[in-house]
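The values are calculated or read from the model by the stated rules, or taken from the named source; none is laboratory data. These numbers were taken from a predicted model, which means no experiment stands behind them. Cβ: placed from backbone, ideal geometry, glycine included. Neighbour counts: every protein chain shown.
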Amino acid sequence: DYVVSGEAEDFFPQFLGDWLANNARKGLHTTSRGKVDLNLYPGFSELVGYLPPLEISRGCKFGCMFCGVPRLHAGTLRHRSLASIEAIVKEYFRIKTSRKRMKFLASNAFAYGSDGRQPNLAALKDLLEMLKGIGVPEIHLGSFPSEVRPDFVTPEVMQLVAPYLSNKTIVMGVQTGSDNMLKKMNRGHSREDSVRAIALLREFGFQPHIDFIVGNPDETEDDQFELIDFMDEMLEKYQVRIHMHTFVPLPATPWENKLQSPINEKVKQRLRELERAGVLDGWWENHIGYFRTAKG
């Protein structure tokens, strides 16, 4: 067997040549992290017949305890150049002339062109102006798979992006309604930051679709009830939609060896009620039994 740990774009062509020549070394191959130049790899092949969402950024400067992205990419954040994006978009529309929608891939869509810590309004404007200028009928940014962080949803960002976007839903990672859990997660934002961002999305006419995680390591029942109260408050005030997750320990994260915390039965009941009401989606219940769970 052959396993690659890390980014494989630079590695794979050489490996493939070795494999075809029966010279490939079996076992684990570890590649440099955070080194791949996105501009060298368009991320699609006309031969495959599938045109995926276009990766415009890779990596993350934050360090959430449950997330593998910062570790996989060595804490870097890299952006594809405008020239590269423009060339690929034009290719997409050449290959499929009936195409209307352009979607993107990024860990935080509103961080395009930035240092990863605060928005770069000029870079965002250049991106959107370029897409509009080459005639993209529908620009989808901030919807899956290019979600956003609450601290990047600012009045200035929303004023900038709103006139360009065709998507009416913005997917945002909030993760919990408990400031206690946000600190444990190392999220880098507060509950109030999330409320402000949700209110701004509504103010600018977008449907907030909010990611939450329950069953996190060292999560107390009080944390879980605080999460439920927060979700109910956001549903009542801002009519959000909820995308629910149960904690999953991912490899190479600080929480890779942590256990799911037991989910209170009343919390489960409320989540099921919201699911039946059509305001909550996700595979949260399926994931409860897939991994080891701490004793309740």
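Here are some notes:
- Single unsatisfied condition, N264 versus (1) in the same structural domain as R117 (by TED's automatic domain parsing); (2) within 24 Å of E147 (Cα to Cα); (3) without any contact (Cβ under 8 Å) to a residue 60 or more places away in the chain: (2)
- Selection status of P150, over 24 Å from H243 (Cα atoms), surrounded by 15 or more Cβ atoms within 10 Å (Cβ to Cβ) and under 17 Å from the mean Cα position of the chain (by Cα): no
- Residue within region 204-217 that is in contact with an Asp or Glu (Cβ under 8 Å, 6 or more places away or on another chain), in contact (Cβ under 8 Å) with a residue 40 or more places away in the chain and either acidic (D, E) or not assigned by TED's automatic domain parsing to the domain that holds K168 (or both) present: yes
- Tally of residues being touching a Lys or Arg at 6+ places or on another chain (Cβ under 6 Å) and either more than 23 Å from G116 (Cβ to Cβ) or in a loop (DSSP other than H, G, I, E, B) (or both) across region 75-91: 0
- The sole residue among L38, L77 that is among the aliphatic types (A, V, I, L, M), closer than 30 Å to N257 by Cβ and at pLDDT 90 or above is L77.
- Subset of region 1-58 that is assigned to a loop (DSSP other than H, G, I, E, B) and among the hydroxyl-bearing types (S, T, Y) - its residue that is nearest to the chain's Cα centre (by Cα): Y41
- Some residue of region 75-84 being charged (D, E, K, R), touching a Pro at 6+ places or on another chain (Cβ under 9 Å) and outside the structural domain of E7 (by TED's automatic domain parsing): no
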